[in-house]
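Step one of this worksheet: look at the structure below.
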Amino acid sequence: MIQKMTKTVKKLILVFLVGFFISVGFFAFTTKNDKLFAIAKNIDIFATLVRELDSYYVDEIDPDKLVTIGIDAILEELDPYTEYIPEENSDDFRMLTTGEYAGIGALIGNRGEGNMIIMPYTGFPAQNAGLRIADYLLQVDTTNVSGLGTSDVSTLLKGPANTEVLLKVKRDQDTLEFKVVRKKISIKNVPYYGKLDSRTGYIKLSDFTTNAANEVRNAMVNLKAQGVDRLVLDLRDNPGGLVSEAVEIVNLFIPKGREVVKTIGKLENVNYTYKTTKTPLDKDIPMVVLINERSASASEIVAGALQDYDRAVLVGRKSFGKGLVQTTVPLTYNSQMKVTTAKYYIPSGRCIQAIDYLKTRENGALTTVPDSLRKEFKTKNGRIVLDGAGIEPDQLTEPISYAPISYSLVARSHIFDFATEYFYKHSKIGEPSSYSISDQEYKDFLGWLKGKEYDYTTYLEKSIEDMRKNAEKVEYYPEIKAQIEALETRVKHSKEQDLITYQKEIKKILSEEIVSRYYFQEGMIAAGLKEDVDVISAKEFLNSPEKVKLTLSANSK
């Protein structure tokens with residue numbers, strides 16, 4: 001019913017939005033009272049519109065859903081970070097910002113037959129009760145969950161702390177039952193830390209929720225107690241979070257009283273300068289920070305501040321470029337709005353926001369700052385850095401690209417399923433950092449694949465296919481048909497040959513998946529480090545103090 005009326009609703013909302021923004025634009029240069037009147041007038045129009053729709057529209061409407069559509073349409077005109085949070089979504093929002101919820105402590109997802117345990121978090125109820133990766137969820141308490149969506153199953157698994165939930169799962173050929181007591185779950189910001197060699201420590205920071213800085217501090221203290229005197233801090237794929245945690249993490253490595261980030265917005269109360277307030281844990285340890293295109297927000301504050309103070313070498317790829325600050329504003333009826341209130345500026349003075357949403361709204365196309373308009377700033381040592389496009393690493397590395405055969409094997413869950421069967425047949429494996437499947441086990445995998453579908457179309461094959469389809473439309477196609485067919489034959493891949501050609505790559509992916517069955521998330525991260533090109537580059541820097549010194553000097557660029 002709601003879907004039937006969506007187009008009509010969107011048209012009405014568009015009419016309202018046009019009226020709203022025209023009104024706001026018309027009154028923008030008048031007094032504050034006139035602007036408040038314009039807002040009140042248009043809100044009244046919107047409320048009247050919804051009431052009249054409810055009275056006159058041919059079908060029944062859902063006022064809550066209708067108004068939410070309207071609110072979302074308004075906020076879509078601004079930026080993707082300004083959003084409405086209705087009361088029913090407040091728990092999910094709280095989990096995103098604090099990393100805390102009450103439940104069983106496991107990531108679940110759909111793998112064809114239904115929802116299953118994708119990853120039980122170490123030390124939490126699911127793992128402690130004996131649940132394992134690839135356990136299919138059949139029943140939660142008295143509810144059959146076989147046909148439910150992942151979000152619905154997730155809701156059933158959550159509940160008040162210290163309450164019991166009965167789970168029925170399918171594991172291989174067996175049906176098992178588990179009594180799990182829900183607990184308060186605090187997802188770790190540091191899912192793994194360890195030693196890359198006798199002197200080099202590694203810390204993976206995946207989020208910036210509450211307690212992130214303490215987790216990094218504890219990892220550092222532990223590593224230093226093990227003799228570590230060099231550090232790799234991994235911020236790759238970290239979407240950011242709490243600015244206060246970012247400031248505390250920077251403070252672990254730079255002296256007290258230094259500026260870390262400044263927020264500047266329209267209202268005076270959002271303008272603030274964050275400075276370090278404590279004695280650093282270690283202001284001299286040689287450091288490399290890893291970043292990539294999915295390192296954003298608080299990750300960019302940490303990486304950018306350490307770069308601006310020439311405190312660490314940055315390795316990887318240019319970060320996302322989110323220099324916008326959000327504030328949560330309470331609304332009526334326990335709803336909330338997360339609204340962009342300011343931009344942040346790191347110590348050199350640069351803002352790293354990559355997309356200009358004001359110009360994007362004006363011309364309808366995603367607008368970034370052109371290179372010619374990016375401004376130069378300087379680090380503490382006088383190195384030139386630029387604003388307007390994220391944080392650029394000091395050492396650029398190539399992005400990891402996998403062969404089509406690898407993507408196909410992962411997407412069709414063949415890697416996942418083989419690792420699960422392997423786990424059922426083998427009680428233990430070696431340490432994650434050194435484990436790799438043998439050549440014979442890879443041959444077993446190839447035999448296991450026989451009869452399973454995992455074919456794919458390469459980009460080149462798709463391009464030639466498109467060329468053939470277009471050529472068929474022209475009158476001289478018969479003259480070139482043979483040449484196109486010969487080209488198709490020449491580029492046609494052999495999936496069996498690809499399994500041999502890309503054996504090293506596939507073995508790596510398969511080994512990491514198998515490790516996860518025995519050592520969970522921590523083991524999977526550790527297993528991936530030994531051939532990680534960014535980590536290898538970081539170790540090369542840390543093994544060469546002169547290279548670090550030169551990179552961080554004013555003459556480096």
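Throughout, read-outs are computed from the coordinates displayed, never taken from laboratory work. Computed from a prediction, not measured in an experiment: that's the story for all the values here. Reconstructed Cβ throughout: ideal geometry from the backbone, glycine too, with neighbour counts over all protein chains shown.
What helices (runs of 4 or more DSSP H) completely inside the stretch 392-457 contain at least 3 residues that are of a type in the set (Phe, Trp, Tyr) and surrounded by 13 or more Cβ atoms within 10 Å (Cβ to Cβ)?
414-425, 439-449
Give me the strands (runs of 3 or more DSSP E) completely within the stretch 320-387, filtered to those with at least 1 residues that are β-branched (Val, Ile, Thr) and over 24 Å from residue 250 (Cβ atoms), ordered by residue number.
Ranges flagged: 324-330, 336-345.
Regarding residue 299, is this residue within 26 Å of the chain's Cα centre (by Cα), assigned to a loop (DSSP other than H, G, I, E, B) and within 19 Å of residue 208 (Cα to Cα)?
no
Across the stretch 527-547, what is the total count of residues that are over 23 Å from residue 401 (Cβ atoms) and in a helix (DSSP H, G or I)?
Total meeting the criteria: 5.
Among the residues of the stretch 242-284, count how many are among the aliphatic types (A, V, I, L, M), in contact (Cβ under 8 Å) with a residue 60 or more places away in the chain, farther than 23 Å from residue 338 by Cα and surrounded by fewer than 22 Cβ atoms within 10 Å (Cβ to Cβ).
Qualifying residue count, the stretch 242-284: 1.
Identify all residues within the stretch 107-142 that are assigned to a strand (DSSP E or B) and under 23 Å from the mean Cα position of the chain (by Cα); write none if there are none.
Those that are assigned to a strand (DSSP E or B) and under 23 Å from the mean Cα position of the chain (by Cα): 107, 108, 109, 110, 115, 116, 117, 118, 119, 120.
When you scan the stretch 158-241 for strands (runs of 3 or more DSSP E) that lie fully inside it, which ones turn up with 1 or more residues that are under 26 Å from residue 89 (Cα atoms)?
164-171, 174-181, 183-186
Can residue 292 be described as polar (S, T, N, Q) and over 27 Å from the mean Cα position of the chain (by Cα)?
In short, no.
Among (1) outside any strand (DSSP E or B); (2) touching a residue at least 40 places away in the same chain (Cβ under 8 Å), which single condition is residue 147 missing?
So the condition that residue 147 fails would be (2).
Here's a check for you: in the stretch 461-495, which residue that is among the basic types (Lys, Arg) and either outside any helix (DSSP H, G or I) or surrounded by 10 or more Cβ atoms within 10 Å (Cβ to Cβ) (or both) is farthest from the chain's Cα centre (by Cα)?
So the residue we want is 481.
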